[in-house]
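See below for the structure under consideration.
The values are calculated or read from the model by the stated rules, or taken from the named source; none is laboratory data. Everything quoted here is computed from the prediction, not taken from an experiment. Ideal geometry is used to build each Cβ from the backbone, glycine not excepted, and the neighbour counts take in all protein chains shown. Side chains included, ligands, DNA and RNA excluded: accessible areas come from the protein's heavy atoms. Shrake-Rupley method; radii C 1.70, N 1.55, O 1.52, S 1.80 Å.
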Amino acid sequence: MKHRDVNIFRYPLRMKITIIFAVLIPVALGGAVAPGRCDSGDESGASIPVNLIVPSCMAPPCVLRKGHTYEVEVDFDVPRNTNNLTVKVTGIIDGLELPWNGVPVNGCDDILVGWCPMAAGDYWTYGVAIKVEPIYPSTPLIVKWQMRDDTGQAIWCFHLPAEITA
């Protein structure tokens with residue numbers, strides 16, 4: 001069987017549009033979300049990740065159903081050398097910061113693309129699943145997610161508006 005090159009420019013406009021939508025719609029449904037910057041505490045100077053993907057969330061506030069598990073992927077630049085990564089996730093409800101239980105603390109274990117130790121200038125992907133426990137209250141909140149280096153400095157930190165529902 002001979003290999004044929006596909007030249008999109010030789011097709012009629014209608015087919016070009018169909019091809020473009022066939023490529024763009026799955027990309028759009030990937031759930032890339034624009035998070036907010038952490039604006040208080042010692043992590044306020046940390047960068048926002050390059051890319052945040054929550055497949056079930058197209059735009060904040062993300063709806064999180066009790067008893068469900070959500071995949072989260074974070075692409076980030078490493079600002080300085082580090083041997084270890086520490087992850088901390090909290091929920092901020094009416095200004096009160098509460099721990100989000102069940103997220104592994106050792107970020108190196110959940111690096112999907114890359115490895116520890118990390119060098120300044122590296123570009124890696126972190127991915128983890130978080131569970132919304134049935135005991136969590138049904139309420140709007142801010143999910144605060146941060147990754148810290150060996151010295152305790154934030155590598156990245158973001159706020160993501162969400163709402164926990166039944």
Cβ crowding within 10 Å averaged over residues, with 153-162, 116-125 ranked highest first = 153-162, 116-125
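At 1.4 Å probe size, with every protein chain present, just tell me what the per residue accessible area of the range 113-161 comes to in Å². Could the numbers behind the result be given before it?
Details: 2050 Å² over 49 residues.
With all protein chains present, the range 113-161 gives 42 Å² per residue.
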